[in-house]
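Let me begin by presenting the structure, written as structure tokens, before commenting on it.
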Protein chains: 2
Amino acid sequence: MPKPRWLSKDEEEVWFAYILFSRQLAAGMERQLAGSGVSGADYQMLAPLAEAGAAGMRPRDLGHSAGWDRSRLAHQLRRMEQRGLVTREQAEDDARGIVVHLTEAGRAALRAASPGHIEWVRENFLELITPAERRMLVELSERVMAKLEPESRPR
Amino acid sequence: MPKPRWLSKDEEEVWFAYILFSRQLAAGMERQLAGSGVSGADYQMLAPLAEAGAAGMRPRDLGHSAGWDRSRLAHQLRRMEQRGLVTREQAEDDARGIVVHLTEAGRAALRAASPGHIEWVRENFLELITPAERRMLVELSERVMAKLEPESRPR
DNA sequence: GGGCAATTGCTGATGTATCAACAACTTTGC
DNA sequence: GCAAAGTTGTTGATACATCAGCAATTGCCC
């Protein structure tokens, strides 16, 4: 740890614990999903698309729901289209836009991945934290994000 | 969200709140560091190397301190060597191994990035959580990681 | 001391994430 | 109507992360 006014022992403990925790939890989730043939990124596309049903979704709205910017979305959707999970069609009412639909394979991929994913979330997160901790986490998230928010919204 | 026994409202709230929170905090940290010309990955290499001083470090030990596998390390160190932040030399006592040293530019990069990074961590994390929350976070991290650990250690 | 397993580090392929720049279209304001 | 400004989506470059596989060396064990 470098020189200029580094963190105290206590501060360091919390920060390092949190960093390690958040990375390992994310990695664990990614690994579990990968076992079902989808990535976390895939899942974030598949889930809202399945809810949207036959109407499909505009990338813009997918972007809002996932908190992604347009570029990330375009790359992700291109890869998913190549794998046959989604289709992209010209939007009727806006010549700039497209509409994304799930294919049957996309729906199948989500059906295959969901139960295991949900089970994993319960087992490795929800069931390990007390109601008091749940409340704390929600409040904490709001507090921290309120401070971050200004610069952290996708453009 | 999909059909098979999805999460309850309460569960969903905690999980989504946590996911959003952890991603935005990580993104915010990354953005702050990027403003100083280093990435989070760079920082994780630079900080322990600075502590090691003239002795340098073996990639194996860097890997342990960062929790990375050998491959990720090799790629990262290659990029950092190309940018002139570190050097790689043959280890004296082990013909398989190498020793990584900070260059003067590497030390300068860390000096330039540290104060802002530490300040950011205080401002956007440490100062926003109460002592009780700190304790909870540390305990919660241990509990969750104890369950994850088996499969989540680098090979 | 000879063979075999483990350690150490690298590479190439693929997927993921961000940035800057662009093209096409729509909206707004006059 | 029309020019300026904003929206929507794409691309290419670069960095980051993971996986599988390789090569060299070391250490172990008989």
- Quick check: anything in segment B:29-36 of a type in the set (G, A, S), touching a helix residue (DSSP H, G or I) at 6+ places or on another chain (Cβ under 7 Å) and more than 9 Å from DNA strand C (Cβ to nearest atom)? yes
- Task: Just name the residue that is surrounded by the most Cβ atoms within 10 Å (Cβ to Cβ) out of those in segment A:112-125 that are in a helix (DSSP H, G or I) and within 7 Å of chain B (Cβ to nearest Cβ).
- Result: A:S114
- List every residue pair whose Cβ atoms lie under 7 Å apart, where the two residues are 6 or more positions apart in sequence or sit on different chains, the first residue falls within segment B:125-137 and is of a type in the set (D, E), and the second residue, located anywhere, is assigned to a helix (DSSP H, G or I). B:E133/A:M136; B:E133/A:L140
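Bear in mind that the values in this text are calculations on the coordinates, not laboratory data. Worth saying up front: this structure is predicted, and the values here are computed from it rather than measured. With ideal geometry, Cβ positions are generated from the backbone for all residues, glycine too; neighbour counts draw on all protein chains shown.
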